Amino acid sequence: MPLSRTSYVCLPCRASYKQAYDRERVDRACPRCAGVLIHVGSAFAPPRRRDTAAWRTLSVLLNAGIRFHKSCCDGPGYRPRTLREVKERMAYAESAGEPFARALVRRELPQ
């Protein structure tokens, strides 16, 4: 059975690579800088390399442990696309005592 293809990201290079997913091989190196690639999932669509704000937003999501795996037929679900959305969810998580990663994937914030 062929291995499925999934995305890996190098944040310092702002680069995304599609590679075969293999549970046995967890450490992957970036072909540009030899840094560690982060497994982001098969439903990932990378921002343009020049879009620094989008890459900062992505960095916050990945460092919070949020990935882009398909869940049934709905895709990965909601993910913030701007730093403003990230900051709103960060403020909500702090005030409500909700875990940061859970607040980041909320489509709507409670009033």
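Overview of values
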read-out: Region 61-105 - residue that is surrounded by 18 or more Cβ atoms within 10 Å (Cβ to Cβ) and of a type in the set (Val, Ile, Thr) and, of those, farthest from Arg5 (Cα to Cα); value: Val86
read-out: Helices (runs of 4 or more DSSP H) wholly inside region 1-110 containing at least 3 residues that are modelled with pLDDT of 95 or more and hydroxyl-bearing (Ser, Thr, Tyr); value: 52-63
read-out: Residues of region 35-44 classified as open to solvent by 30 Å² or more (accessible area, probe 1.4 Å) and among the β-branched types (Val, Ile, Thr), total; value: 2
read-out: Residue pairs meeting the criteria (Cβ under 7 Å; at least 6 apart or on separate chains; first farther than 17 Å from Phe68 by Cα, in region 89-111; second open to solvent by 40 Å² or more (accessible area, probe 1.4 Å) and not in a helix (DSSP H, G or I)); value: Arg89/Arg106; Arg89/Leu109; Tyr92/Leu109; Ala93/Pro99
read-out: Count of residues meeting criterion [in contact with a strand residue (DSSP E or B) (Cβ under 7 Å, 6 or more places away or on another chain) and more than 13 Å from Leu58 (Cα to Cα)] in region 5-26; value: 8
read-out: Residue pairs meeting the criteria (Cβ under 7 Å; at least 6 apart or on separate chains; first open to solvent by 100 Å² or more (accessible area, probe 1.4 Å), in region 20-34; second modelled with pLDDT of 80 or more); value: Asp27/Val36; Arg32/Cys10; Arg32/Cys13; Arg32/Ala15
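The values are calculated or read from the model by the stated rules, or taken from the named source; none is laboratory data. As the structure is a prediction and not an experimental result, all values here were calculated from the model. All Cβ positions, glycine included, derive from the backbone under ideal geometry; neighbour counts span all protein chains shown. Just the protein is used for accessible areas: all its heavy atoms, side chains included, with ligands, DNA and RNA removed. Shrake-Rupley method; radii C 1.70, N 1.55, O 1.52, S 1.80 Å.
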